[in-house]
1. Quick one: what pairs do we get from region 44-70, first residue open to solvent by 60 Å² or more (accessible area, probe 1.4 Å), second away from the ligand (no atom under 15 Å from the Cβ) and of a type outside the set (Phe, Trp, Tyr), C-beta under 6 Å, 6+ apart or different chains?
2. Out of (1) within 15 Å of the ligand (Cβ to nearest atom); (2) at pLDDT below 95; (3) assigned to a helix (DSSP H, G or I); (4) open to solvent by less than 70 Å² (accessible area, probe 1.4 Å), what's the single condition that is false for residue 111?
3. Residue 92 - would you say it is acidic (Asp, Glu), open to solvent by 30 Å² or more (accessible area, probe 1.4 Å), touching a residue at least 40 places away in the same chain (Cβ under 8 Å) and outside any loop (DSSP other than H, G, I, E, B)?
4. On the basis of being modelled with pLDDT under 90, within 15 Å of the chain's Cα centre (by Cα) and in a loop (DSSP other than H, G, I, E, B), does residue 168 make the cut?
5. Determine whether region 35-43 contains at least one residue that is within 18 Å of residue 94 (Cα to Cα) and either touching a Pro at 6+ places or on another chain (Cβ under 9 Å) or not assigned by TED's automatic domain parsing to the domain that holds residue 114 (or both).
6. Return the residue satisfying two criteria in turn: it lies in region 199-226 and is in contact with a Phe, Trp or Tyr (Cβ under 9 Å, 6 or more places away or on another chain) and in a helix (DSSP H, G or I), and of such residues it is surrounded by the fewest Cβ atoms within 10 Å (Cβ to Cβ).
7. Go through region 174-193 residue by residue and tally those that are open to solvent by 60 Å² or more (accessible area, probe 1.4 Å) and in a helix (DSSP H, G or I).
8. Give the residue, chosen from 82, 147, that is surrounded by fewer than 18 Cβ atoms within 10 Å (Cβ to Cβ), over 20 Å from the mean Cα position of the chain (by Cα) and modelled with pLDDT under 90.
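The values are calculated or read from the model by the stated rules, or taken from the named source; none is laboratory data. Computed from a prediction, not measured in an experiment: that's the story for all the values here. Here the Cβ is made from the backbone with ideal geometry for all residues, glycine too, and neighbour counts use every protein chain on show. Areas reflect the complete protein model, heavy atoms only, side chains present, ligands, DNA and RNA absent. Shrake-Rupley method; radii C 1.70, N 1.55, O 1.52, S 1.80 Å.
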Amino acid sequence: MQRILIVEDEDGLRRALSINLRARGYEVETAATATAALRIAAAGRLDLVIVDLGLPDLDGGEVIAGIRGWSSVPIIVLSARDSQADKVKALDAGADDYVTKPFGMDELLARIRATQRRFEQSDGHESAVVETPAFRLDLAAKRAERDGAVVRLTPTEWQLVEVLVRHRGNLVSSAQLLSEVWGPGYEKETNYLRVYFAQLRRKLEPHPSHPLYFITEPGIGYRFEG
Ligand code: CA
């Protein structure tokens, strides 16, 4: 059984989340403070952690940083804040994705599944071939096809695709993409990403101005849905 830790100080929301997740077969642990969360996380095996950013004792970001000190367990952030800076900070502290309050249970469950899928795939079972109704990417052979015709991607475009596919379904912050593809020191060059994603969409998306696969989360990062 998958064991999920919910870190949320609002009693009603914490209860609703644990009822919903238990009903779907998850084993649920709950914490109302960062201190309790870190104690539970340190004590036992967890398959996923859901963390509210606004906690009464420490910031949720410190829970993420604390857990990341010893564990790579998937972490999803709950954020009531409009501030993109908080979300980016949480992602850079090691969160895998976030959901903005108020959210629907279906949305959270979809994020949980995507995060777990990504996590399982990163255990070495990742396939080198990505197939969508619009295109096919063979990452090992560096071969892209669209409607049966070969599409040429540049080495930088392949690198971007690789990072996103590795986090398939999850959000990757702009800073992370820039530092993985261009290297440390390029974290603020978000205009590079705009240019390269426009190119990728022109080459691969059926409707480049309404992308289905290479999704921008404005001010935060990018996500590959495929
Ligand atoms: Ca809160």
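1. 68/94
2. The failed condition is (1).
3. Spelling it out, residue 92 is indeed acidic (Asp, Glu), open to solvent by 30 Å² or more (accessible area, probe 1.4 Å), touching a residue at least 40 places away in the same chain (Cβ under 8 Å) and outside any loop (DSSP other than H, G, I, E, B).
4. yes
5. no
6. 203
7. Residues in region 174-193 being open to solvent by 60 Å² or more (accessible area, probe 1.4 Å) and in a helix (DSSP H, G or I): 3 in total.
8. Going through 82, 147 in turn, the sole match is 147.
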